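The values are calculated or read from the model by the stated rules, or taken from the named source; none is laboratory data. Predicted model only: the values in this text are computed from it and were never measured. Quick reminder, even Gly has a Cβ in these numbers, built from the backbone with ideal geometry, and neighbours come from all protein chains shown. For the accessible areas, the whole protein counts, side chains as well, though only heavy atoms, and no ligand, DNA or RNA atoms are used. Shrake-Rupley method; radii C 1.70, N 1.55, O 1.52, S 1.80 Å.
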Amino acid sequence: MAEVTMEKLVALCKARGIIFPGSEIYGGMGNTWDYGPVGVEIKNNIKRAWWKRFVQESENSFGVDAAILMNSRVWEASGHTTSFSDPKMDCKKCKTRHRADTLIEAHSKGAVNPDLMTNDEMEAYIQEHHVNCPNCGNFDWTPIRTFNLMFETSRGVTDENQNRIYLRPETAQGEFVNFLNVQRTTRAKVPFGIAQIGKAFRNEITPGNFIFRTIEFEQMEHQWFCKEGTDGEYYAEFKEKAMRFLLDLGFKAEHLRFRDHDKLAHYARAACDIQYLYPMGWSELNGIHNRTDYDLSRHQEYSGKTLTYVDPIDNSRYIPYVIEYSIGADRLMLAVLAEAYDEETLENGEVRNVLHFHPAIAAYKAAILPLQKNLAPQAKEIWAKLRTRFSVIYDEAGSIGKRYRRQDEIGTPFSLTVDFDTLENGTVTLRDRDTMQQVRLTPDEAISFIEEKIRF
Ligand code: GAP
């Protein structure tokens, strides 16, 4: 199997309309990316699969879509205004800014965990090991300074009437502040969950690993509210569910691992990541945290509104604990692309690039390919019929071999070729992306076959 590199993924994504560099015609805008026609479909399918698994199929989980701009007091309560920062150093020679923890991780090849170090200890490590600037190779650092990661903006129509507000750095707070709204309107009983998919923004230094870490990204977060004493059991359950979701998407078990956090936030009881073996090495894909009753207690304190839950059975009153499961949609997209990417040498010596997605994730479930242009009317009729059921692409340009390759490259699981037998008996050939085997089916049979395969 060919090595999957970030360069290959970036090139494929750009060439095939999956992901383009942001603001490209203006020379780009550091580490922002735009999803193209194929990419937006794949990402929507990833989000749909997650929502189906964690909201639709859950007995007791509910969705929200909260505002990105929230009352600034939210971020005081959550602790983001005071402690959501990265330790950064500037190279005095080339004037680039770097995260001290990332420098140490890269220098020690992951052997040293900077999460366990103070700023003084990080500075000492960088001095002692003579860690050079990765941009210019010099060794001339400023001391470490901490920068808050939240993007600020201001609200108000005149300069005198400005209020500082923030672009949310996580979606989670929208779930916490709506705890009682959701509980009351759904009449949910603890334990229950609130989920959300939405944009988050962080003003962080991005080391350039494509969509792995960006300043604007989407999170898929699920908060499970439960009674103290049951939290350990639910923490274990969410670890298992989070891993099962990835395995069901088609990830190989040997490309995933749990990593327990060595250093816990003062309020947390347990925390771990699931890491994926990305092209640049093992890195966080998602997090699962036992956050105790910290979030709701803080919001109760800062808002002055009681967020206590009253148990309808025994009338006990308590602030629920929270098990948080959080995964970046873009980071999962990168993992899905890396996992699916393959270069296969065919019997005739040709190499085909192929994305072996789960069919539920593929942008188009089928491609309609008339063998010759004069079969276009029949092919377009079949296309019209299929696209009322799922997303289908039509392609009549170039040789049939080239058209198969184009579909393989974007991961279309089935190609339906309309040929002269179609005129005779109404059947088409259905080619499987992975095995390249072909069978003849009527369009109705093809619909049933494909609908069965794309179920997640
Ligand atoms: N509410 C908890 C929270 O936000 P986090 O570990 O900071 O925790 C959760 O983020 C997930 O969001 C990460 O595991 C990752 O998948 C994604 N994520 C975080 N920062 C990101 C960034 N700058 N770019 C892309 N994805 C990011």
Inter-site label distance for F151 and D314 at 7 Å from Cα along Cβ, in nm: 4.7
Greater than 32 Å apart at Cα, pairs in K52/K189; K88/K252; K47/K93: K88/K252; K47/K93
Burial ranking of peptide ranges 76-85, 362-371 (average Cβ count within 10 Å, highest at the top): 362-371, 76-85
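Under a 1.4 angstrom probe, counting protein chains only, how are I144, I104, I25 ranked by accessible area, largest first?
From most exposed to least exposed: I25, I144, I104.
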Degrees separating the helix 400-410 axis from the principal Cα axis of the chain, which is the longest one: 10
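Add -39500 (n - 2.57) for each DSSP H run of 4 or more in the chain, then divide by its residues: what number comes out at 222 nm, to the nearest 500 deg cm²/dmol? Walk me through the intermediate numbers first.
On the way: 15 runs with 146 residues, N = 456.
Value at 222 nm, helices only, nearest 500: -9500 deg cm²/dmol.
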Largest-first ordering by accessible area, 1.4 Å probe, given options D314, D295: D314, D295
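Mean separation of Cα pairs under 8 Å and 6+ residues apart, divided by the residue count of the chain: what relative contact order is that in percent?
Relative contact order of the chain: 14 percent.
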The stretch 364-453, relative contact order in percent, only Cα pairs under 8 angstrom and at least six apart counted: 29
Inter-centroid distance (Cα atoms) of the stretch 232-257 relative to the stretch 1-61, Å: 21
The stretch 334-380, dipole about Cα centre (Lys/Arg Cβ +1, Asp/Glu Cβ -1), debye to the nearest 20: 480
Residues in the stretch 245-267 that a label on E57 would reach, taking backbone N under 16 Å of a point 7 Å out along Cα→Cβ: 245-251
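Sum up the lysine pairs in the stretch 364-453 that clear both bars: alpha-carbon distance under 21 Å and a spacing of 8 or more or different chains.
Details: K365/K380; K365/K385; K365/K402; K365/K453; K373/K385; K373/K402; K380/K402; K385/K453.
Value for the stretch 364-453: 8.
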Rg and Dmax [Cα atoms of the stretch 54-150; Å; Rg one decimal, Dmax integer]: 18.9, 58
Using alpha-carbon coordinates, inclination of helix 443-453 to the longest axis of the chain, degrees: 30
Added length on full extension, which subtracts the Cα-Cα distance from 0.36 nm per residue, E344 to N113: 79.4 nm
The chain pair-distance distribution - Cα-Cα, 10 Å bins, rounded %: 4, 17, 25, 24, 17, 10, 4, 0
Listed residue (N209, A15, L249) projecting farthest to the positive dipole end of the chain, Cβ model: A15
Cα-centre dipole for the chain with unit charges at Cβ (Lys and Arg positive, Asp and Glu negative), debye to 20: 880
Dipole axis of the chain (+1 Lys, Arg; -1 Asp, Glu on Cβ), positive-most option in V112, M6, N44: N44
Extension gain (nm, one decimal) between N203 and N71, 0.36 nm per residue minus Cα-Cα: 45.6 nm
Zero-based 5 Å bins, Cα pair distances in the stretch 4-104, whole percents: 2, 9, 9, 11, 12, 18, 20, 13, 5, 1, 1, 0
Options L430, Y325, H130, ranked by Cα towards positive dipole end of the chain, top entry (Cβ charges): L430
Cα-based Rg / Dmax (Å) for the stretch 318-456: 18.0, 72
Cα-based helix-to-principal-axis angle, 37-51 vs the chain, degrees rounded to 10: 60
Rounded percent of accessible protein surface that carbon and sulfur make up, the stretch 36-149, 1.4 Å probe: 49
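What's the extension gain from K263 to R48 if we count 0.36 nm per residue and subtract their Cα-Cα distance?
74.1 nm
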Per residue accessible area of the chain, 1.4 Å probe, in Å²: 48
